[in-house]
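Structure first, commentary second.
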Amino acid sequence: MSETNRLIVALDTVDATRARAWADAVAPHSGLLKVGLEFFLANGVPGYRAITGAPIFLDLKLHDIPNTVAGGVRAVLPLRPRMLTIHASGGAAMVRAAHQAASAAGDDRPMILAVTVLTSLDQNDLHAAGVNATPAEQVLRLGRLAIESGADGLVCSPMEVAMLRQALGPAVTLVVPGIRPEGADTGDQARTMNPAQAVAAGADWIVVGRPVTGAPDPGAAAAAIAASIR
Ligand code: C5P
């Protein structure tokens with residue numbers, strides 16, 4: 001599917017057969033398919049290679065010393081993911097190492113996207129970890145650090161996207177999960193936007209999982225979301 005389709009469908013399952021069926025149904029309506037930790041740890045490279053139909057966003061959220069993260073990035077380059085995630089809190093040197101390792105793939109290199117503050121953490125969690133900033137301040141601080149260190153973009157919540165777009169400008173790629181179409185069950189996502197709201201707020205890409213994969217007809221659900229942001 002063309003890159004002008006901003007929908008990324010998250011294939012969150014350990015069941016390779018189910019993931020392949022979802023991919024076949026939604027790929028014609030998706031710009032990218034997201035493979036995460038759960039699927040990748042359960043099914044490895046053979047499982048990854050069986051997911052076809054659209055380019056892959058490999059969401060492993062790498063976080064380790066720079067040398068190890070660089071090695072991890074190099075290890076997945078043969079899989080040619082279009083996007084790969086790391087944690088900005090790993091620090092500037094780690095982000096630079098990831099960027100440099102990815103650059104070895106030339107024009108085929110994956111975009112490096114940084115995660116800032118996990119949306120599962122609130123102000124109390126940050127304070128308990130010794131961070132005396134609000135979540136929004138910390139998101140912006142880590143977001144700037146990641147972009148200045150070579151990251152191509154950030155993964156951020158719907159509540160952060162407008163602030164980050166304003167602060168970081170148009171060149172930074174913003175990928176936004178926590179999306180719920182009108183009327184969908186919010187599940188464990190506390191603060192959501194619908195697809196069109198997220199794009200209007202500045203999202204380049206939206207990530208949608210269960211509202212698509214849990215729908216009676218995942219292909220139709222993906223098509224409806226894609227149409228709503230076309
Ligand atoms: O099913 P749902 O639409 O909630 O899936 C969202 C996807 O985005 C999941 O793969 C989840 O890991 C990911 N994600 C998220 N919130 C974040 C970062 C990533 O929901 N802050």
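The values are calculated or read from the model by the stated rules, or taken from the named source; none is laboratory data. Note that the structure is a prediction, hence the values are computed from the model and not measured. Here the Cβ is made from the backbone with ideal geometry for all residues, glycine too, and neighbour counts use every protein chain on show. SASA here: full protein model, heavy atoms, side chains in, ligands and nucleic acids out. Shrake-Rupley method; radii C 1.70, N 1.55, O 1.52, S 1.80 Å.
Observations on the model:
- Screening Leu145 with (1) of a type outside the set (Gly, Ala, Ser); (2) farther than 25 Å from Ile225 by Cα; (3) away from the ligand (no atom under 15 Å from the Cβ); (4) free of Cβ contacts under 8 Å to residues at least 40 places away in the same chain gives one miss only, at (4).
- Taking each residue of the range 40-52 that is within 14 Å of Asp15 (Cβ to Cβ) and looking for partners that are open to solvent by 60 Å² or more (accessible area, probe 1.4 Å) with beta-carbon atoms closer than 6 Å, six or more apart or interchain, yields Ala42/Val14; Ala50/Arg20.
- Qualifying positions in the range 201-230 - open to solvent by 50 Å² or more (accessible area, probe 1.4 Å) and either within 11 Å of the ligand (Cβ to nearest atom) or not in a helix (DSSP H, G or I) (or both): Arg210, Gly214, Pro216, Asp217, Arg230
- Inspection of the range 183-200 finds no residue satisfying the criterion of being within 16 Å of the ligand (Cβ to nearest atom) and within 26 Å of Val76 (Cα to Cα).
- Condition check for Ser120 on (1) over 17 Å from the mean Cα position of the chain (by Cα); (2) open to solvent by 40 Å² or more (accessible area, probe 1.4 Å): one failure, at (1).
- Residue match in the range 138-157 (condition: small (Gly, Ala, Ser), open to solvent by 50 Å² or more (accessible area, probe 1.4 Å) and not in a loop (DSSP other than H, G, I, E, B)): no
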